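Worksheet: the structure to be examined is printed underneath.
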2 protein chains.
Amino acid sequence: MTMHYVHGYSAKEKDRLTDQATTLTSLLHSDTRYPAGALVLEPGCGVGAQTVTLATNSPDASFVAIDISQESLAIAESRVRAAKLDNVSFQREDVFQLPFSAGHFDHVFVCFLLEHLRCPERALAEFLRVLKAGGSMTVIEGDHGSAFFYPDSDDARSAIQCLVQLQRQAGGDPFIGRHLYPLLTQNGLRDVSVSPRFVYADASRPQLVEGFTKKTFTAMVESVGTEAIQHHLTEPDAWARGIRDLYRTAETDATFCYTFFKAVGVK
Amino acid sequence: MTMHYVHGYSAKEKDRLTDQATTLTSLLHSDTRYPAGALVLEPGCGVGAQTVTLATNSPDASFVAIDISQESLAIAESRVRAAKLDNVSFQREDVFQLPFSAGHFDHVFVCFLLEHLRCPERALAEFLRVLKAGGSMTVIEGDHGSAFFYPDSDDARSAIQCLVQLQRQAGGDPFIGRHLYPLLTQNGLRDVSVSPRFVYADASRPQLVEGFTKKTFTAMVESVGTEAIQHHLTEPDAWARGIRDLYRTAETDATFCYTFFKAVGVK
């Protein structure tokens, strides 16, 4: 099955994904550590934004990072090499058809992948197959319906809604964060525990304003402008107002909120 | 946020309400402790839902709890007496015209009040006047635009929107939580720090599902149904579908999210 990305593969996109990873690393990843000798699958590693953090935080575990895009894998591999990490191997694979035997991995780590899949249940079934009994699966996803901000703005909300519609048209689920608990529970994981990771940015947290409000969230919305206009989901003036109002939420008298969800369950 | 407490008729019901109070209490109040000898103003104490917690957590501080409603004060006073607390005095006062001299209080604590005021800036100015230099002001408010849930539902969101519109028509600000940082910063407080308190309920947290999703948030929305229909903000069938869909988010395959904001600043 082909994966249809809304946020994708351009150079600007790669920068954005890197900024995002740097700012959010501690919030999302600091509590994921794998023991020495553990073999961990990272399906959908993309350009390796999470892979470097994962492998750095668990230096004595081994990671197999897979992606459908050879181009992304090449970038991921160069980043891992630049970080002088030797505990990651890369393979080009389809997450729906993994070439590993049942129970091959001790743990599975999934980040920002399920939101893009037309059938996340099928991918989860495949991840469970290659996970050993008693192993853990960690899933981190955002939720684009969780964003709110001051000053509030109909135009800004309409712009976000364009991203939501495009992601849905591509078969993804932009609201998957709130859905993780039932999704994982109903698809074979037990002892599922979901911990929301709330991002709150105001002028007292300038790094988050810059790194998240502007360079992650607003940049992500902004990146679909041409596509949104081509698909007649908006028109140029309304789009420009929406993006302007999103950047407005990064000023010193403004605030921005967004929620990621991190789920951990056991096979 | 107005807390709608459904009075219990059974021991089990009473336990549930205690669980609710305990869970939210800890989330919102556990990090507020005043030192021995401190004199603390609680404007808008209402029926004393927070007063008992405040006075219990800081047994050697003294509290002056005020409200405009004599009826609410009587209930608050009886609750404080039932808890055998002797460090709270009650006065009927208007938050816009306090009978205290400048700098009378060491600290001010405000919870679920500003959202209801037509002019929160005027109340804040009065609180600042009676606060001594170097004293702290703590403000806790909800944000009714922060609610999201699985399964998502247009009807449920429309029902919440009725509450939002009614609160605005009454002069309040249902989205005040996200506004606290600029509001307090622009009105004379310094070193303002806002920490969001994210409520996340799924089937693994049955106390929160029962105590928050159903008995706090959905009950609060449900309580404005007659008024919303009278004001032609909705019609009975749509309203019933919205409330049904909100209760749907309390089932075992559902989730519910809401954010409170707690701000602390210094005069």
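The values are calculated or read from the model by the stated rules, or taken from the named source; none is laboratory data. The structure presented is a predicted model; accordingly, all values stated were derived computationally and were not measured. When we count neighbours, we look across all protein chains shown, and the Cβ atoms used for this are built from the backbone with ideal geometry, even at glycine. Accessible surface areas use protein heavy atoms only, side chains included; no ligands, DNA or RNA. Shrake-Rupley method; radii C 1.70, N 1.55, O 1.52, S 1.80 Å.
Within segment A:178-206, the set of residues being among the small types (Gly, Ala, Ser) and more than 9 Å from every other protein chain (Cβ to nearest Cβ) comprises A:Gly188, A:Ala201. With respect to the conditions (1) in a loop (DSSP other than H, G, I, E, B); (2) at the interface with chain A (Cβ under 9 Å from one of its Cβ atoms); (3) surrounded by 21 or more Cβ atoms within 10 Å (Cβ to Cβ); (4) among the hydrophobic types (A, V, I, L, M, F, W, C), B:Cys257 lacks only one, and its number is (1). When segment B:231-243 is limited to residues that are without any contact (Cβ under 8 Å) to a residue 24 or more places away in the chain and in a helix (DSSP H, G or I), the one that is most open to solvent (accessible area, probe 1.4 Å) turns out to be B:Asp237. All conditions but one from (1) modelled with pLDDT under 95; (2) open to solvent by less than 70 Å² (accessible area, probe 1.4 Å); (3) over 26 Å from B:Asp143 (Cβ atoms) apply to B:Lys14; the one that does not is (2).
Give, as residue ranges, the helices (runs of 4 or more DSSP H) completely inside segment B:143-230 that count at least 3 residues that are open to solvent by less than 10 Å² (accessible area, probe 1.4 Å) and modelled with pLDDT of 95 or more. Result: B:154-169, B:180-186. Just one of the listed residues (B:Arg92, B:Arg81) is surrounded by fewer than 16 Cβ atoms within 10 Å (Cβ to Cβ) and in contact with a Ser or Thr (Cβ under 9 Å, 6 or more places away or on another chain), and it is B:Arg92.
Whenever a residue of segment A:148-162 is within 9 Å of chain B (Cβ to nearest Cβ), its partners that are of a type in the set (D, E, K, R) and not in a loop (DSSP other than H, G, I, E, B), lying with C-beta atoms within less than 7 angstrom and at least six residues away or across chains, give the pairs A:Phe148/B:Arg178; A:Phe149/B:Arg178; A:Tyr150/B:Arg178; A:Pro151/A:Arg248.
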